[in-house]
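The values are calculated or read from the model by the stated rules, or taken from the named source; none is laboratory data. The shown structure was predicted, so the numbers you read here are calculated from the model rather than taken from an experiment. Cβ placement follows ideal geometry from the backbone for every residue including glycine, while neighbour counts extend to all protein chains displayed. Heavy atoms of the whole protein, side chains included, go into the accessibility calculation; ligands, DNA and RNA do not. Shrake-Rupley method; radii C 1.70, N 1.55, O 1.52, S 1.80 Å.
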Amino acid sequence: MTLDQLLEELNTSALWTVAAGTAGLGLVAGAIGSFAVLRRQSLQGDMVSHAALPGVAAAFLLGAREPIYLVIGGAVAGWIAMLVVRFVQLRSRVPFDAALGGALAVFFGLGLALLTYIQKNVAGASNHPLDRYLFGQAALLREEDLRVIGVLGAAVLVFLLAFWKEFKLLSFDPEYAASLGFPVNAFDLLLTTLTVTAIVIGLKAVGVVLMTALLIAPAAAARQWSNRLGGVVLLAGLFGALAGLGGTIASHLAGRGVPTGPTIVLAATAIVLVSMVRGRARTRTA
């Protein structure tokens, strides 16, 4: 393929609509995912992404068809799942990771049951296939999806910047933060809410199965290059955006048989591998 042919192949508005959405998603997911990695709560993202599925299905059953309302339904379900996990952790001897695994199984099973019911019993369900939220279908991102990603993603980043010092202290020394009088539980809940939001806006693009990789992989790669929180978050957002953009373009050039979501995850994995080989940061400091 010559350079002119390549430029002509890339000169499509549909491609750059998808690329803009996935790059924005990668930016937000990478930035907020850095805190999950540094706090050693990577499994939390996996649980929330799976737990969001019944919320999407419930919103559909209530008549929602617009992406924003389906995303809100998923966010509510993911948030409820995290509250359930914390309740179980505080009121029983079940450890945090076991509570996460149990909530993941229960909410994901409920989501699959609701999807099956919708496909068989709800008129017009075939016109709005919800399985795209299960496996992802980035090629179907449209301008309304971009608005959802842009508005909610920008809100996540604004809150992240506004409470930067609090989140930093919460991530590295929550006991000291509590001794200073910081409402640790409130900030922890806010950070969890931002994580849930970042996850659910990406469900249509990469699906519940692969969203965790986009949340964790850029942060894991960034950690190999920087020992400071600001550097990790900045690089993670950059790597996430690069994975979204590069994966989308690679999928487009490879042809219709190559799905976009998995290609994005493979691009993120490649960034992690390169970072593990070439990265210079190894010690953990703030």
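Model label sites at LEU112 and ILE68, defined 7 Å from Cα along the beta-carbon direction, differ in position by 3.4 nm. Placing unit charges on the Cβ atoms of the charged side chains and taking the dipole of segment 140-286 about its Cα centre, the candidate lying farthest along the positive direction among ALA154, GLY231, GLY181 is GLY231. Each Lys and Arg Cβ is given +1 and each Asp and Glu Cβ -1; about its Cα centre, the chain then shows a dipole of about 720 debye.
Looking at segment 99-204, which trypsin sites (Lys or Arg not before Pro) are in a loop (DSSP not H, G, I, E or B) and have at most 14 other Cβ atoms within 10 Å? Sparse-neighbourhood loop trypsin sites (Lys or Arg not before Pro): ARG142.
In terms of the mean number of neighbouring beta-carbon atoms within 10 Å, the peptides 27-34, 207-214 order highest first as 27-34, 207-214. For Cα extents along the principal axes in Å, one of (1) 50, 39, 33; (2) 59, 51, 38; (3) 60, 51, 29 was computed from the structure I shared and the rest are decoys. Which label? Matching entry in (1) 50, 39, 33; (2) 59, 51, 38; (3) 60, 51, 29: (3). Ordered from highest to lowest accessible area with the whole protein assembly present and a 1.4 Å probe, ILE216, ILE68 read as ILE68, ILE216. Heavy atoms of the protein chains alone define the surface here; on that basis the chain has 48 Å² accessible area per residue at 1.4 Å probe size. When shorter helices are ignored and each DSSP H run of at least 4 residues is given -39500 (n - 2.57), the per-residue value for the chain at 222 nm works out to -26500 deg cm²/dmol.
For a test of the definition: using alpha carbon positions, the gyration tensor, and the 1.5 limit on a/c, classify segment 145-259 as rounded, prolate or oblate. In terms of gyration-tensor shape, prolate.
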